[in-house]
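The structure under discussion appears below in the form of structure tokens.
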Amino acid sequence: MSSEPTEVHHAEGEHGDTMTRKRIWKVFFILLGITCVEFFIALYLVPNGHMAIKVANPVYIVLTLFKAFYIVAFFMHLKFEKVGLVYAILVPILFIIGLILVLTNESHHWITLRL
Amino acid sequence: MSATVTQIDDLKTTPWSGGRSPFNVEYGKMMMWFFLLSDAFTFSSLLISYGALRFSAPTWPSPSLVFQSVPGTSIEHGAPLVFVGLMTFILIMSSVTMVLAVEAGHRNSKKEVIWWMIGTIIGGLMFLSCQALEWNHLHSEGFWWSAIPNKETLQEFFEKGVPFAQQQMTSHQFANLFFTITGFHGFHVFSGVIINIIITLNVLKGTYEKRGSYLMIEKVGLYWHFVDLVWVFVFTFFYLV
């Protein structure tokens, strides 16, 4: 039993496709870049009327999901794990999407309750 | 010992046919993933209830008006997102130092692991100090759990022409949700810093050098990146949208 963790560790090192320092900084600049784009929208495009807030909000959410992907895939190393583990982590997220759908729908009814 | 490979022998090589770990991760690391998944559910519930309450509200305090000062300096107006931008940068930066510590751990370089871990701890402490300043600033304006500023101050946080009764109602919701969600996140950052300190002390003692692998750094790294991940969502839904 005691030799098991090191075995796993070696197997992980073997397939080579892992985080190098170059790749770490690349992901960092992608995250920084996306955040700068969000600031550009929030501080320049929306106040000066180039972009409606109704357009900006979905854009923010899409950019946030991009950032989430880069953090989970590269910083948390999930992209390089076995496909079984990837699905074990990602499939339960469907429940969260379900709750979002249910509660956004529900909150539209709360508006009429309040009137 | 025949040369022909039967169908059964073929099947035995699949990841789930037994005899080896199908996920190919160490037990503790897998458990950390499952813990983070459950934590993701908790944070999602908080953020989704925030979304539902905000959707159903007739009005909401405008983020660009509530968060337009830089706490700790004399800038009180006209600088939306500057302070939270700094906080976001600090947290992303500490995520980078964490992943660099993990990378140094793969090369069994004890000295580098220690320095990157110390960098991560400093980043975490800086983030927590910023959050303390932010909370203190909002508290001095009159926001707290189920407490809102007086009528004159409150008007500054809304677009013109919103009735006072509506301002009162949504400000209460805003205050409760803001302090609960950023508080819960801040608590995670705080415990992350504590865990990072313990792990760094272990590295200094040479625990992982003796063990022959710095896998523990990866596990706390996962937790730390998750905290960063949650902040990305908190940042979007409280400060941008």
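The values are calculated or read from the model by the stated rules, or taken from the named source; none is laboratory data. Since this is a predicted model, take the numbers as computed values, not measurements. All Cβ positions, glycine included, derive from the backbone under ideal geometry; neighbour counts span all protein chains shown.
A few comments on the model shown:
So that you can scan it fast, the table gives a plain yes or no per residue for (1) crowded, with 21+ Cβ neighbours inside 10 Å; (2) under 19 Å from the mean Cα position of the chain (by Cα):
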position: B:F187; (1), (2): no, yes
position: B:F190; (1), (2): no, yes
position: B:K210; (1), (2): no, no
position: B:I217; (1), (2): yes, yes
position: B:G221; (1), (2): yes, yes
position: B:V227; (1), (2): yes, yes
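- Among the residues of segment B:75-108, those that are assigned to a loop (DSSP other than H, G, I, E, B) and either of a type in the set (V, I, T) or surrounded by 15 or more Cβ atoms within 10 Å (Cβ to Cβ) (or both) comprise B:I75, B:A79, B:P80, B:L81.
- Any chance B:S140 is in a helix (DSSP H, G or I) and over 26 Å from B:D39 (Cβ atoms): yes
- Enumeration of residues in segment B:156-191 that are closer than 17 Å to B:L53 by Cβ and not in a helix (DSSP H, G or I): B:F157, B:F158, B:V162
- Checking each residue in segment B:125-134 for being surrounded by fewer than 19 Cβ atoms within 10 Å (Cβ to Cβ) and more than 18 Å from B:P80 (Cβ to Cβ) picks out B:L125, B:M126, B:L128, B:S129, B:A132.
- The set of residues in segment A:84-109 that are buried (at least 16 other Cβ atoms within 10 Å of the Cβ) and more than 9 Å from chain B (Cβ to nearest Cβ) contains only A:V86.
- Failed item in (1) modelled with pLDDT of 95 or more; (2) not in a helix (DSSP H, G or I), with B:N202 passing the rest: (2)
- Among the residues of segment A:34-44, just one is surrounded by 13 or more Cβ atoms within 10 Å (Cβ to Cβ) and more than 10 Å from chain B (Cβ to nearest Cβ), namely A:V37.
- Selection from segment B:155-200 of residues that are more than 25 Å from B:E141 (Cα to Cα) and out of contact with any helix residue (DSSP H, G or I) (no Cβ under 9 Å at 6 or more places or on another chain): B:I194
- Residue list for segment B:134-185, restricted to those being among the β-branched types (V, I, T), touching a residue at least 24 places away in the same chain (Cβ under 8 Å) and either farther than 22 Å from B:S44 by Cβ or touching a Pro at 6+ places or on another chain (Cβ under 8 Å) (or both): B:I148, B:V162, B:T170
- Breaking point among (1) in a helix (DSSP H, G or I); (2) within 14 Å of another protein chain (Cβ to nearest Cβ), for B:S213: (1)
Yes or no, residue by residue, for (1) over 25 Å from B:N176 (Cβ atoms); (2) assigned to a helix (DSSP H, G or I); (3) without any contact (Cβ under 8 Å) to a residue 40 or more places away in the chain:
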{"site": "B:L46", "(1), (2), (3)": "no, yes, no"}
{"site": "B:T59", "(1), (2), (3)": "no, no, no"}
{"site": "B:L65", "(1), (2), (3)": "no, yes, no"}
{"site": "B:T73", "(1), (2), (3)": "yes, no, yes"}
